[in-house]
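Visitor: Here it is, the structure in full.
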Amino acid sequence: MSTSNLSGTPARDARADVVVVIVNYNAGAHLRRCLAALAAQTVKPQVTVLVDNASTDDSLNGLETIDPELRVIRAAQNLGFAAANNLGVREAPPTTWVVTLNPDAFPAPDWLEQLLHAAHTHPEYSFFASCLLLDGDATRLDGAGDCYHRSGLAWRRQHGQAAWSAVAAGEVFAPCAAAALYRRDQFEAVGGFDADFFCYLEDVDLAFRLRLAGQRCWYMPEAQVLHVGSAVTGYRSDFSTYYGQRNLVWTYVQNMPSALLWRSLPLFLLVNLAALLIGARRGQFGVVARAKWAAVRGLGQALRKRRARQATRCITDSELDQVLEQGWRALLRRR
């Protein structure tokens with residue numbers, strides 16, 4: 001049992017009732033820097049589980065000098081971000097909380113303490129978003145939680161804006177899973193990340209399912225993390241574009257309630273058409289087209305998941321609509 005102070009927040013240098021799961025694939029020096037930042041936390045997790053997706057670099061060399069208690073799971077193949085995180089949670093000892101942390105994310109020393117403080121201060125929320133700052137330029141934000149638009153688009157809130165302009169603590173649609181805290185029983189109740197996503201938008205899909213189950217997300221600006229972002233897969237690479245564009249379709253189809261879906265469907269179709277046009281302008285038309293075709297071929301399974309999720313949802317259309325971004329102005333801000 002972890003030591004706690006009277007406020008309910010774990011005391012400094014205590015072992016908190018949380019497991020941190022890190023999924024690694026050829027992250028190299030980023031992983032060692034991430035683990036060093038985690039070792040410097042004012043509140044330590046009960047355990048850190050590293051799931052290695054069959055890396056071919058030297059990522060795992062010398063990690064015992066940083067964290068002798070690190071638990072390493074070596075997958076025989078690249079399971080993807082979603083399935084590997086689920087594996088890490090399954091193999092971890094029982095805890096109240098689970099944290100997902102990317103190997104290219106480097107938390108401030110009080111990051112975990114701040115997240116747990118938010119969890120204890122706001123017990124009506126069950127998952128929590130960190131304040132991500134751009135590594136190499138901490139004066140700019142990488143994101144203050146994730147937004148989800150009626151059209152099916154998702155984006156990092158305030159990405160690229162000045163850090164001083166960061167929004168205050170409050171409710172947000174979703175956390176970026178690069179550095180997020182989830183109540184473990186709720187994470188497991190909705191099935192964790194959707195392994196079919198492999199990677200990209202799996203955190204938004206998870207947040208949508210938690211929302212449908214009546215759960216809410218709180219953004220904690222004091223929980224700060226430097227984030228490289230796409231350090232391995234590459235920003236706007238063919239890989240990230242393919243999975244992002246495919247999973248955008250599945251997230252919308254599987255989760256959007258019927259009344260809101262029929263109301264927003266024309267805009268959703270327009271957004272996907274625009275993705276093809278933008279892909280063509282960037283020389284990635286073929287990649288986007290393959291992604292959309294893969295999404296269409298997977299619609300049968302997506303619709304089966306949809307029926308199960310909608311049958312058990314605990315949130316009304318109006319309650320969900322209140323946390324969705326709406327209108328053209330939001331899309332133009334996102335560009």
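Visitor: I need the full set of residues from region 123-145 which are open to solvent by 10 Å² or more (accessible area, probe 1.4 Å), of a type in the set (D, E, K, R) and closer than 25 Å to residue 205 by Cβ, in order please.
Guide: Residue satisfying the conditions is 124 alone.
Visitor: Quick check on region 158-181: of everything there that is open to solvent by 50 Å² or more (accessible area, probe 1.4 Å) and without any contact (Cβ under 8 Å) to a residue 40 or more places away in the chain, which residue is farthest from residue 200 (Cα to Cα)?
Guide: So, considering only residues that are open to solvent by 50 Å² or more (accessible area, probe 1.4 Å) and without any contact (Cβ under 8 Å) to a residue 40 or more places away in the chain, the one farthest from residue 200 (Cα to Cα) is 164.
Visitor: OK, next. Answer with yes or no whether residue 236 is over 30 Å from residue 116 (Cβ atoms), outside any helix (DSSP H, G or I) and under 22 Å from the mean Cα position of the chain (by Cα).
Guide: Criteria met by residue 236.
Visitor: Output the qualifying pairs, or none if there are none: Cβ atoms under 6 angstrom, residues six or more apart or on different chains, first residue in region 192-204 and within 23 Å of residue 126 (Cα to Cα), second residue assigned to a loop (DSSP other than H, G, I, E, B) and among the small types (Gly, Ala, Ser).
Guide: Pairs that qualify, where the first residue is within 23 Å of residue 126 (Cα to Cα) and the partner is assigned to a loop (DSSP other than H, G, I, E, B) and among the small types (Gly, Ala, Ser), are 203/177.
Visitor: Looking at region 286-305, which of its residues are surrounded by 15 or more Cβ atoms within 10 Å (Cβ to Cβ) and part of a helix (DSSP H, G or I)?
Guide: Matches in region 286-305: 287, 288, 289, 290, 291, 292, 294, 295, 302, 305.
One line per residue, one yes/no per condition, for (1) touching a residue at least 24 places away in the same chain (Cβ under 8 Å); (2) out of contact with any helix residue (DSSP H, G or I) (no Cβ under 6 Å at 6 or more places or on another chain); (3) under 30 Å from residue 58 (Cβ atoms):
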position	(1), (2), (3)
214	yes, yes, no
238	yes, no, yes
242	yes, no, yes
259	yes, no, no
266	no, yes, no
283	no, yes, no
286	no, yes, no
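Visitor: Quick one: residue 120 ticks every box in (1) open to solvent by 30 Å² or more (accessible area, probe 1.4 Å); (2) on the phi > 0 side of the Ramachandran plot bar one, so which box is it?
Guide: Only one criterion is unmet by residue 120, namely (2).
Visitor: Go through 193, 198, 173 for me and flag whichever is over 26 Å from residue 321 (Cα atoms) and modelled with pLDDT of 95 or more.
Guide: 198
Visitor: Please go through (1) assigned to a helix (DSSP H, G or I); (2) touching a Gly at 6+ places or on another chain (Cβ under 7 Å); (3) not basic (Lys, Arg) for residue 249 and return the number of the only condition it doesn't satisfy.
Guide: Among (1) assigned to a helix (DSSP H, G or I); (2) touching a Gly at 6+ places or on another chain (Cβ under 7 Å); (3) not basic (Lys, Arg), residue 249 violates only (2).
Visitor: For residue 54, are the conditions met, namely being in contact (Cβ under 8 Å) with a residue 24 or more places away in the chain and within 20 Å of the chain's Cα centre (by Cα)?
Guide: It is false that residue 54 is in contact (Cβ under 8 Å) with a residue 24 or more places away in the chain and within 20 Å of the chain's Cα centre (by Cα).
Visitor: Among the residues of region 41-58, write down those that are under 30 Å from residue 247 (Cα atoms) and surrounded by fewer than 16 Cβ atoms within 10 Å (Cβ to Cβ).
Guide: 54, 56, 57
Visitor: Hey, another quick one. Take the conditions aliphatic (A, V, I, L, M), open to solvent by less than 30 Å² (accessible area, probe 1.4 Å) and in contact (Cβ under 8 Å) with a residue 60 or more places away in the chain and apply them to residue 38. Does it pass?
Guide: yes
Visitor: Here is a list: 229, 191. Which entry is within 15 Å of residue 155 (Cα to Cα), open to solvent by 10 Å² or more (accessible area, probe 1.4 Å) and more than 9 Å from the chain's Cα centre (by Cα)?
Guide: Answer to the selection: 229.
Visitor: I'd like the full set of residues that are part of a loop (DSSP other than H, G, I, E, B), β-branched (Val, Ile, Thr) and either at pLDDT below 95 or open to solvent by less than 10 Å² (accessible area, probe 1.4 Å) (or both), limited to region 64-96.
Guide: 66
Visitor: Something else about it: For residue 61, indicate whether it is buried (at least 18 other Cβ atoms within 10 Å of the Cβ) and either more than 24 Å from residue 113 (Cβ to Cβ) or in contact with a strand residue (DSSP E or B) (Cβ under 6 Å, 6 or more places away or on another chain) (or both).
Guide: no
Visitor: Considering (1) in contact with an Asp or Glu (Cβ under 9 Å, 6 or more places away or on another chain); (2) open to solvent by less than 40 Å² (accessible area, probe 1.4 Å), say which one residue 101 fails and leave the rest.
Guide: (1)
Visitor: Moving on to the next point. So if I check each of 105, 54, which one is closer than 28 Å to residue 211 by Cβ and of a type in the set (A, V, I, L, M, F, W, C)?
Guide: 105 is the lone residue from the list that is closer than 28 Å to residue 211 by Cβ and of a type in the set (A, V, I, L, M, F, W, C).
Visitor: Inside region 200-224, can you point out the residues that are part of a strand (DSSP E or B) and either out of contact with any Cys (no Cβ under 8 Å at 6 or more places or on another chain) or surrounded by fewer than 24 Cβ atoms within 10 Å (Cβ to Cβ) (or both)?
Guide: 217, 218, 221, 222, 224
The values are calculated or read from the model by the stated rules, or taken from the named source; none is laboratory data. As the structure is a computational prediction, the values presented were derived from the model and not from experiment. Cβ sites come from the backbone with ideal geometry, for glycine too, and all protein chains shown count toward neighbours. These accessible areas exclude ligands, DNA and RNA; they are computed on the full protein's heavy atoms, side chains included. Shrake-Rupley method; radii C 1.70, N 1.55, O 1.52, S 1.80 Å.
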